[in-house]
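S.K.: Before we start, here is the structure in question, set down as structure tokens.
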Amino acid sequence: MSEVLEFAEDLARRAGVLIAQARADRALDLSYKEGTELLTSADLQADQLIRSEIEKTFPDHYILSEESSPHLTDSAQLRGPLWVIDPIDGTVNYAYNQQQVAVSIAFAEGGQVQVGVVHCPFVGETFTARRDAGAWLNDHAIRTSECSELSRALIGTGFPYAAEGRVALVDRLRRVLGHCRDIRRVGSAAIDLCWVAMGRLDGFYEALKPWDLAAAALIAREAGARVGHLQPVEGELPEELYGRDLVAAAPGIYEQLVALLR
């Protein structure tokens, strides 16, 4: 797995160079998926780069990608060997020239994520983890915060693209705001989870897709965070790729946050 991690990290950095150059050159075409979700030409170019290198190096592996293969549902394929890719997590940030943008690449086998890389090209940060081997930021080991009181916790969250989907989340957001230090809305779930891993956030909750969380949730777990769900896992997705009602937090506040959200 160390060689797989090296491959994934190199690939994420190369994709990071591509998307940074595309934005610097102002060479972005914008479109929308399902009428609401922003998509840029750089998303597609980075996806093609990552996919082509994986197919060339690991021709027998499967790929679950937000842009080119989001509907992979076969249980045998989902239980891998499987690559889970988000070529640009934080596309709206990317299109608006903001910095919180990440390339996320994970490798899973047997339904368990073995390797995760989240590369943030605009701030020069690369988060990595290998199962049972710890988590790292730019080659320095990271650990989650030691926060033990929800009232002193900084909590991250996010919202769906469709406006009507946000309305139901307002009551939950109000409840959390009333019981924690404050809320942060970064705009990239992969970065949120990595920030939990290294203590920039004490906790995080959101409904996610597999490519949003696969790499970053491993990084958070390997850094000591607790990662779980508010409800039982349903369907064919392995638990470590299941994003509905995901919660990640420092161990000292995890149960408090889950109880509040429920």
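The values are calculated or read from the model by the stated rules, or taken from the named source; none is laboratory data. Everything numeric here is computed off the predicted structure, so don't read it as measured data. Positions of Cβ are backbone-derived with ideal geometry, glycine not excepted, and every protein chain shown enters the neighbour counts. Calculation scope for accessible area: heavy atoms of the full protein, side chains included, ligands and nucleic acids excluded. Shrake-Rupley method; radii C 1.70, N 1.55, O 1.52, S 1.80 Å.
S.K.: Quick one: in the stretch 73-94, of everything that is farther than 17 Å from L193 by Cα and under 18 Å from the mean Cα position of the chain (by Cα), which residue is surrounded by the fewest Cβ atoms within 10 Å (Cβ to Cβ)?
M.R.: Restricting to residues being farther than 17 Å from L193 by Cα and under 18 Å from the mean Cα position of the chain (by Cα), the top hit is V92.
S.K.: Now for a separate question. Please state which one of L28, L18 is farther than 12 Å from A106 by Cβ, in contact with a helix residue (DSSP H, G or I) (Cβ under 7 Å, 6 or more places away or on another chain) and part of a loop (DSSP other than H, G, I, E, B).
M.R.: Within the list L28, L18, the selection yields L28.
S.K.: Restricting attention to the stretch 22-50, report how many residues are among the hydrophobic types (A, V, I, L, M, F, W, C) and either more than 19 Å from the chain's Cα centre (by Cα) or open to solvent by 30 Å² or more (accessible area, probe 1.4 Å) (or both).
M.R.: Total satisfying the criteria: 7.
S.K.: Could you please give the count of residues in the stretch 151-197 that are surrounded by 15 or more Cβ atoms within 10 Å (Cβ to Cβ) and among the aliphatic types (A, V, I, L, M)?
M.R.: Here the count works out to 13.
S.K.: Okay, next question. Among the listed residues G124, G134, G156, G165, identify the single one that is modelled with pLDDT under 95 and of a type in the set (G, A, S).
M.R.: Of G124, G134, G156, G165, the one residue that is modelled with pLDDT under 95 and of a type in the set (G, A, S) is G165.
S.K.: Which ones in the stretch 133-144 are surrounded by fewer than 24 Cβ atoms within 10 Å (Cβ to Cβ) and either among the hydroxyl-bearing types (S, T, Y) or in contact (Cβ under 8 Å) with a residue 60 or more places away in the chain (or both)?
M.R.: Within the stretch 133-144, A133, G134, L137, I142, R143 meet the criteria.
S.K.: Right, here's the next one. Could you tell me which of the residues I19, I54 is crowded, with 16+ Cβ neighbours inside 10 Å, under 19 Å from the mean Cα position of the chain (by Cα) and under 13 Å from P87 (Cβ atoms)?
M.R.: That would be I19, the only listed residue that is crowded, with 16+ Cβ neighbours inside 10 Å, under 19 Å from the mean Cα position of the chain (by Cα) and under 13 Å from P87 (Cβ atoms).
S.K.: For residues that are outside any helix (DSSP H, G or I) and of a type in the set (A, V, I, L, M, F, W, C), scanning just the stretch 31-67, find the one that is modelled with the lowest pLDDT.
M.R.: L38
S.K.: Just give me the residues in the stretch 240-262 being modelled with pLDDT of 95 or more and charged (D, E, K, R), in sequence order.
M.R.: E240, E255
S.K.: Pairs only if they're at least six apart or on different chains, beta carbon under 7 angstrom, first in the stretch 150-175 and farther than 19 Å from K209 by Cβ, second open to solvent by 70 Å² or more (accessible area, probe 1.4 Å) and assigned to a helix (DSSP H, G or I); list them, first residue then second.
M.R.: From residues that are farther than 19 Å from K209 by Cβ, the pairs are L150/Q256.
S.K.: May I pose another question? Yes or no: L241 of a type in the set (A, V, I, L, M, F, W, C), in contact with a strand residue (DSSP E or B) (Cβ under 8 Å, 6 or more places away or on another chain), crowded, with 16+ Cβ neighbours inside 10 Å and free of Cβ contacts under 8 Å to residues at least 24 places away in the same chain?
M.R.: In short, no.
S.K.: Give the residue, chosen from S65, S104, that is closer than 23 Å to C194 by Cα, hydroxyl-bearing (S, T, Y), surrounded by fewer than 24 Cβ atoms within 10 Å (Cβ to Cβ) and out of contact with any Cys (no Cβ under 8 Å at 6 or more places or on another chain).
M.R.: S65
S.K.: Only residues that are of a type in the set (G, A, S) and within 24 Å of G80 (Cβ to Cβ): list them for the stretch 219-262, please.
M.R.: Result: A220, A223, A225, G228, G235, G243, A248.
S.K.: So which residues in the stretch 1-58 are farther than 17 Å from I88 by Cα and hydroxyl-bearing (S, T, Y)?
M.R.: S2, T57, listed by residue number.
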